[in-house]
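The values are calculated or read from the model by the stated rules, or taken from the named source; none is laboratory data. All of these numbers come straight from a predicted model, not from anything done at the bench. Cβ sites come from the backbone with ideal geometry, for glycine too, and all protein chains shown count toward neighbours.
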Amino acid sequence: MKITFNLIACFLCLQCFSQIDSTQLVSSKPQKSFLKQSIVPLSLIGAGLIVNYSTGIFGKENLQEHIQNKFPDFHTDIDDYLLFIPLATMYTADIFKVPSKNDAFTQTKYLLIAGLANQLVTFGLKNILDETRPNGEHHSFPSGHTSNAFVIATVLFHEFKETRLLLAYSGYLFATATGVLRVLNNEHWVSDVLVGAGIGILITDLVYRIEPLKNWNPFKNKKMNAILSPTFMKNGFGLYANLQF
């Protein structure tokens, strides 16, 4: 866990102290058509479905066998934490007033809406299909860790894509690493991860397209102070957040 925390700390410092200014929230540019915007997530879902229901060299069993033969004793718990790094990055950037598309409340609002929708879709599919994981456990398809990771990464992307491109895309690095580690840990098939990634991106893109409850912000005219700091526990770490209105 020490390695994980050091990774988070270094990344946050790099992102939040580079090119920080106090520019106001950015204005949105004209959006692409949702179909064009959805090419990547739909491709991921399509590829995952092909792998999931194929046999032979591109089948999920064959791919998993090759992967496990190359990494037979691989195991790590870091995939339980990596997906939260983009979340910590976003709120740290807000504290240091890095310009973003929305304020912190709206970011949280869209994150919760996208997260709830993602949970309904992902775990609905898990329970309906009830596919077996490569380790023999249930509810394999699609990967919940991966879909949640890409929801968080895509929120970060939408918030900073017009002002800090490196920061915006950085979340996908950690989301992809989460998916890869789920496969290496033998918790999921490659197809689970591909479809989970596509679902997470697609749902979050849709939320930012629709912008539900766009004008609802009870804290808009109130001063807000925020404190974010790491906390250490016996078997891991966390983040302490204190918001004052």
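For the stretch 49-94, how many residues meet the condition of being of a type in the set (G, A, S) and either within 23 Å of the chain's Cα centre (by Cα) or closer than 17 Å to F174 by Cα (or both)?
Within the stretch 49-94, the first condition is being of a type in the set (G, A, S), and the residues that meet it are 54, 56, 59, 88, 93.
Still in the running and either within 23 Å of the chain's Cα centre (by Cα) or closer than 17 Å to F174 by Cα (or both): 88, 93.
Matching residues across the stretch 49-94 total 2.
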Search result, residues across the stretch 167-182 that are touching an Asp or Glu at 6+ places or on another chain (Cβ under 8 Å) and of a type outside the set (G, A, S): T178, L181, R182
field: Of all residues making up the stretch 67-116, the number that are touching a His at 6+ places or on another chain (Cβ under 9 Å) and surrounded by fewer than 16 Cβ atoms within 10 Å (Cβ to Cβ)
entry: 1
field: Cβ-Cβ under 6 Å pairs, at least 6 apart or on other chains, the stretch 165-177 side within 17 Å of V190 (Cβ to Cβ), far side part of a helix (DSSP H, G or I)
entry: A175/A149; A175/F150; A175/A153; A177/L82
query: Considering the stretch 107-144 alone, what residues qualify as being out of contact with any helix residue (DSSP H, G or I) (no Cβ under 9 Å at 6 or more places or on another chain) and in a helix (DSSP H, G or I)?
result: K109, L112, L116, L120, G124, N127, I128, L129
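Among the residues of the stretch 32-49, write down those that are modelled with pLDDT under 90 and out of contact with any Lys or Arg (no Cβ under 7 Å at 6 or more places or on another chain).
Within the stretch 32-49, the subset modelled with pLDDT under 90 is 32-37.
Correct list: K32, S33, L35, K36, Q37.
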- prompt: Which of (1) surrounded by fewer than 17 Cβ atoms within 10 Å (Cβ to Cβ); (2) at pLDDT below 95 does E61 not meet, given it meets every other one?
  reply: (2)
